[in-house]
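One structure is given here, and the rest of the page talks about it.
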Amino acid sequence: MTRVERTMKVLWSGWWRRWPRWVAWASVLWAVLYAVFGLACALSGTSLLSYGGDAGGSGLGWAVMAVGVLAALSSGAVVRYGLRPALRVLLWVTCGLAGIIAFSLLMDVITLVVGQGVDSWAAAANKALAAVGAVLLAATARSGRRSAGTGIRVPSTAPRFAQLAAWVGTLAFVPYAAMKWVWASGGTFAGITGEEMLAVSERNGASGIFLTLESWGLDPTALLAVLGVFLLWGLVRPWGQVFPRWTLFLRGRRVPRWLPLAPALLGAATLAPYGVVGIGYLALATAGVVTMRRGDFHSSGDALLVGWIGVVAFAAYGIALTVAAHSYWLRTRLHPSSSVQTAHRSSPSSSQGSATGGRRRRR
């Protein structure tokens, strides 16, 4: 390690160890901005619903302002009086409310990635702000529980249950990817041809890149599913903790803990509830309790078939991602350095030095 690298590591370590002191102030700043955002949306009549701009949707701005005020009061109390048990509970409640508001943020990100516009930019901004707030509030709630550990764990494989969940999440995407491949290759599935599906994507505002990939037989959403599976296995295998050989200049370096955990937690918080709720709705539609809208398909039965394939994939993957992220969290957290496998312990010279020291002490 060079002198510059050591200096940067010391600076980063010192800044990170001070995080309990500044995270509450950051939460206060976010809460004030979020309350102002909600108030502005409420007074201007801006809808925070993802679909449509009806006047009734502007009432959600008052709810957003209330969450911001509650977060400001609880975070400000932490700054003033310290982290008390009652304040910790209040922070977690506010964090949960912010997480609920941020629901489906990943869907907006995916639509932007594939070149389609979001239904409401105000609603998308609200979800993004809520996601940031949920992270800050959770960090504030945990700021009084810093781990005493200083050692870094040796890269390890996840337990069998987590690996089984990864297999379930992977296999659940196989029917989804096959369906998308049939359409991208010009075939027919669920009564709709590949040309019709391409026309639907173009009508919904798909970008030129999206349409070009579709014409080449590559569906962008299927490619995103492949990236999701890659993330899933990175959470349960050792190469998700240390960059492997094929990463060239990064190989052998530690993977920053937040790098896989950030998208994993976002994906789990979005896809798992979305899939579970979707399964419930499709079950009611299959039983005839509710009517399934056919949308762009020729019949409600075709829409129901496609819905089952997609929702089951999202639900299984979201739950598997939750299990894998939890396992990765536990396997990568700091622990007492006495139980860590350090470099000097494994080096021959240190072993010889330890043996010599032992002989001297025995003498």
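When the surface is traced with a 1.4 Å probe over the full set of protein chains, residue 304 keeps roughly 30 Å² accessible.
Dividing the C-alpha radius of gyration of region 156-245 by 2.2 N^0.38 Å, with N its residue count, gives 1.36. Taking Lys and Arg as +1 and Asp and Glu as -1, the other residues whose beta-carbon sits under 13 Å from that of residue 181 total -1. Ranking 192, 309 by solvent-accessible area of protein heavy atoms (1.4 Å probe, all protein chains present), from largest to smallest, gives 309, 192.
Applying 0.36 nm per residue to the separation of residue 276 and residue 185 and subtracting their alpha-carbon distance, the gain on full extension is 29.7 nm.
If you take every residue apart from residue 158 with its C-beta less than 9 Å away from the C-beta of residue 158, what net charge results, scoring Lys and Arg +1 and Asp and Glu -1? Local charge sum for residue 158: +3. In terms of accessible area, using a 1.4 Å probe and ignoring ligands and nucleic acids, 127, 180 rank largest first as 180, 127.
Under 5 Å from the amide H of residue 242 lie the amide H atoms of 255, each residue being 5 or more positions distant or on a separate chain, with H modelled from the backbone and absent for Pro and chain starts.
The values are calculated or read from the model by the stated rules, or taken from the named source; none is laboratory data. Everything numeric here is computed off the predicted structure, so don't read it as measured data. So basically every Cβ, Gly included, is an ideal-geometry build from the backbone, and we count neighbours across all protein chains shown. Only protein heavy atoms, including side chains, enter the accessible area calculation; ligands, DNA and RNA are left aside. Shrake-Rupley method; radii C 1.70, N 1.55, O 1.52, S 1.80 Å.
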